[in-house]
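Chemist: Could you have a look at this structure, given as structure tokens, before my questions?
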Amino acid sequence: MVTYSYDHIHLRSREPMETAQYFNKMFGAKIKESIQSDGQSRVDIDINGLIIFIAQAEASTPAGPVDPYVGLDHFGLRVNNLDEAAADLKSKGAEFSMEPKDLRPGLRIAFVRAPGDVRIELLERSA
């Protein structure tokens, strides 16, 4: 049986380092400059083991689709206290597309919009 495990998420950005700096500021991501297999530069970030590659988008690359759309919609980050996380992110200038709310018993969520229209879900799960 084949076993699959997480390796990375790959984003394209018009300003990769600015995007990486956003993730550093908001989520404490570690930034590392890298080179892709095609020789082009790339910025990699690490959010507690969540690896994200950020490659330079060509000027002719179209902007992302308007929500909702088919394909990758968002990725989620779990937090212990959503209200504390939201307050911290807001103090750093984060834009929320959905404020913290109870989705169902034991689950609270919120959505942050990162550069390049990347949607990040914040989740607080309780027992």
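The values are calculated or read from the model by the stated rules, or taken from the named source; none is laboratory data. Please read all numbers here as calculations on a predicted model, not as lab measurements. No Cβ is skipped: glycine too gets one built from the backbone with ideal geometry, and neighbour counts run over all protein chains shown.
Chemist: Within the stretch 64-100, work out how many residues are free of Cβ contacts under 8 Å to residues at least 24 places away in the same chain, among the hydrophobic types (A, V, I, L, M, F, W, C) and not in a loop (DSSP other than H, G, I, E, B).
Modeler: The number of residues fulfilling the criteria is 3.
Chemist: Name every residue in the stretch 21-38 that is of a type in the set (D, E, K, R) and not in a loop (DSSP other than H, G, I, E, B), in order of residue number.
Modeler: Selection gives 25, 30, 32, 33.
Chemist: Does the stretch 66-87 contain any residue that is assigned by TED's automatic domain parsing to the domain that holds residue 118, of a type in the set (Asp, Glu) and over 17 Å from the mean Cα position of the chain (by Cα)?
Modeler: Yes, the stretch 66-87 contains a residue that is assigned by TED's automatic domain parsing to the domain that holds residue 118, of a type in the set (Asp, Glu) and over 17 Å from the mean Cα position of the chain (by Cα).
Chemist: I would also like to ask the following. Taking the stretch 42-58 as the region of interest, how many residues are in contact (Cβ under 8 Å) with a residue 40 or more places away in the chain and part of a loop (DSSP other than H, G, I, E, B)?
Modeler: Looking only at that region, the number is 1.
Chemist: Within the group 125, 104, which residue is surrounded by fewer than 16 Cβ atoms within 10 Å (Cβ to Cβ), within 24 Å of residue 5 (Cβ to Cβ) and not assigned by TED's automatic domain parsing to the domain that holds residue 10?
Modeler: Matching residue, one of 125, 104: 125.
Chemist: Here's a follow-up. Out of the residues in the stretch 98-123 that are of a type in the set (Gly, Ala, Ser) and more than 19 Å from residue 9 (Cβ to Cβ), state the one that is nearest to the chain's Cα centre (by Cα).
Modeler: Only one residue tops the list, namely 110.
Chemist: Looking at (1) modelled with pLDDT of 90 or more; (2) over 16 Å from the mean Cα position of the chain (by Cα); (3) surrounded by fewer than 11 Cβ atoms within 10 Å (Cβ to Cβ), which is the one condition that is false for residue 49?
Modeler: (2)
Chemist: crowded, with 16+ Cβ neighbours inside 10 Å and among the aromatic types (Phe, Trp, Tyr): is that true of residue 111 in this structure?
Modeler: Against the criterion (crowded, with 16+ Cβ neighbours inside 10 Å and among the aromatic types (Phe, Trp, Tyr)), residue 111 qualifies.
Chemist: Right, another one. Just to be sure before I move on: is residue 72 out of contact with any Asp or Glu (no Cβ under 8 Å at 6 or more places or on another chain), among the aliphatic types (A, V, I, L, M) and farther than 15 Å from residue 115 by Cα in the structure I sent?
Modeler: Criteria met by residue 72.
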